[in-house]
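Please treat every number below as a calculation from the coordinates, not as lab data. Because the structure is a prediction, the values reported are computed rather than measured. Every residue, glycine as well, gets a Cβ built from its backbone with ideal geometry; the counts of neighbours run over all protein chains shown.
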Amino acid sequence: MAAAGGRTLGRSSFSRATSNPVASSSGASGVKIGPNGAAFVSSGIPDLDRILGGGFLLGSVVMIMEDADVPHHLLLLRCFMSQGVVHKQPLLFSGAMKEPRLFLGTLPAPVSSSKEDGRYRAMGAAASSDGQANDEGLRIAWQYKKYFGDDSRAEHKDNKQEFSNDFDLRKPLERHLLNGQNIECVSIQDADTLSGLQDCCTSFLSKLPRKDGGSLTAGRIAIQSLCAPQCRYFEKDWDMVSFIRSLKAMVRSSNSVAVITFPSTVLSNSFCKRWQHLADTLLSIKAIPDEDKDLAKLLTGYQDMVGFLRVHKVAQTNSQVPVILEASTLSLKLRKRRSLVLERLNQAPVDGSSGPSSAASSSCSSQGSQLDF
Amino acid sequence: MEEYGGGDLLSEAMGSAARVVVVEDCVEAPGAFVLHLLLKRALASCGAAAFLALAQPFSHYDRVLRKMGCNLSLHRRNERLHFFELLGFRGGAREGTIADSFVRLYNEIQRLVEANRAGENASQFTVVIDDASLLEVVALGSVNDVLNFLHYCFALTSEMNCTLVVLIHEDIYADEEKMGLLLHLRYIADLVIKAAPLSTGLAADVHGQLSVVNKGTFREQKAKAQKVWNFHFKVKENGTDFFYPGTRH
């Protein structure tokens, strides 16, 4: 039975019973081992994991530049934190708010894996424009879902289902998952200095040492709006950048990843650049103007977009070669108004006769909708 | 700088006998690969080096240079390479003032340079700093302390047959009134190597452009020697390719 690489739609319902690469190569749940000694945890957004080449690298610092007009960085942060909770990974959350604990109530629940979703995902992987028609009538029983798709990419996606979840942003995470979980919350709003947060991070990370083999628990640090103007330490530019530098050094030698969002516009250009240089992975959010007729004409699917995500830097282990992505600007969309997807920008046809757009095949979620022309 | 292992555009541009090399880069075009190359060349010609690493731990440089054919662990064991792991280097607070920590660091470097010079196999010594912008963070913004430290290191180059290579992020100082550190480094440099992105954006085959300004040519009697070089580069795991624009297929 030819399982590997087959992209045909006539899938057999059996696939080679090769060991599930994710589960076997990671001793801890939610950690994926990559080449070159790299270990990844999921960002909580499967598309982002794929774009970044596996996920967030353990031992790296991810920085997200916020857009002052839209709170989409919170979507990314929530998915990141929820993923950690789902995988029972220790979490340290710090935010420029009075009661960070309350933020936990906004964490999304994983999309309940229904037959429909499993099929939808596998069909998306098959990625041919007529893929949607053939298998719609086929109802696959749940226990055979794992044999889905002899397409290696579909299989990979299936495995990734354990590594990363789709989150339903409309449904809050169940309370019982949060209770009894190793979640620490620190408020930085009323702090005069960042030394309190630094001490919390030090003690948090000391329990997560890094060892080759990657079979230890991975931890997550999420810091929201680090240089928010309402924080009392806001004026202390050098203290802030010094904190990031120390955090980076600590994270580097630990089995964790830190995600820091910050409103880049409130920093001076010089310090903003310093922060950017310190990031291992650098992302930025850009708002999308509502009802922009020019953009609507230029891009397909403009109405569904909630913003842009730009990838400036991607973390690498032990390599001097920069990661050049095929597309560094992606659109943020809410699929079915609940889960976050990232798609490459596709230019709409200038006039109706210039042929089909590449939207369906190059976007990472099966878009389904065809342009009529 | 020796031309050993050269034969590429960068060695040609750098010439020889540069005492102070300043490497500038920005977020879009990181210049660490130049440091890796210069470190490899410094160690290859039986030289010795002191590497001040503020940006990455030793394991990172070890793996990167290993892929380039240079075994840092071996050189460290043979005391050809003196590696200062300064990831957690604290400027002040506990061990005294910022100036004190810098003085201690400088003293160690000076000791190494003198020991190298006095030894039987006196060889070219290179001090590499990755990077100067982080030195400022360590000093919590006290540019004077950083300048003092760098000036002492600079003095070593003229007195003790030593070369200084410093990486600095020029985009941090782009529109600042206090461009102090960058201007100062540019002034004392014999060679300024600047990595910048292509104006046309990202490309898989060309990672950026390198401009090399060789001020040291004034010392040599080669009046017609080229002083400014511009070419493209592509960073690979085992080294970097340098080529003139349009000469890659």
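Points worth noting:
- Extension gain (nm, one decimal) between residue A:36 and residue A:323, 0.36 nm per residue minus Cα-Cα: 101.9 nm
- Taking segment A:265-302 and a reference point 7 angstrom along Cα→Cβ of residue A:312, the backbone N atoms nearer than 17 Å belong to A:265-287.
- FRET E, pair residue A:29, residue B:66, Förster distance 45 Å, beta-carbon r, rounded to 0.05: 0.90
- Here the average projected area of the convex hull drawn through the C-alpha atoms of segment B:9-243 stands at 13.4 nm².
- Residue list for segment A:249-275, given a label point 7 angstrom along the Cα-to-Cβ vector of residue A:181 and an amide N cut-off under 18 Å: A:256-260
- Placed amide H near residue A:225: partners under 5 Å, 5+ positions off or other chain: A:261, A:262
- DSSP H segments from chain B that extend 20 Å or more along their own axis, Cα-based, with Kyte-Doolittle mean of 0.0 or above: B:143-159
- Positive-end residue of B:64, B:140, B:121, charge dipole of chain B with Cβ unit charges: B:121
- Pair-distance profile P(r), taking every C-alpha pair of segment A:253-355, with 10 angstrom steps and integer %: 12, 33, 32, 17, 5, 0
- Residue B:17-residue B:122 FRET efficiency (beta carbon distance; Förster radius 22 Å; 0.05 resolution): 0.85
- Between residue B:159 and residue B:107, the contour length at 0.36 nm per residue exceeds the alpha carbon distance by 17.2 nm.
- In segment B:9-243, the DSSP beta bridges split such that about 40 percent are antiparallel, to the nearest 5.
- Protection proxy ranking, peptides B:166-172, A:31-37, average beta carbon neighbours within 10 Å, highest first: B:166-172, A:31-37
- Between residue A:338 and residue B:97, the simple spin-label model (points 7 angstrom out along Cα→Cβ) gives 6.3 nm.
- Residues whose amide H falls under 5 Å from that of residue A:219, counting only those 5 or more places apart or on a different chain, are A:256, A:257, with hydrogens built in the peptide plane.
- GluC sites (Glu not before Pro) within segment B:50-140: DSSP coil, no more than 14 neighbouring Cβ in 10 Å: B:79, B:120
- With both labels modelled 7 Å from their Cα along Cα-to-Cβ, the residue B:79 to residue B:177 distance reads 5.1 nm.
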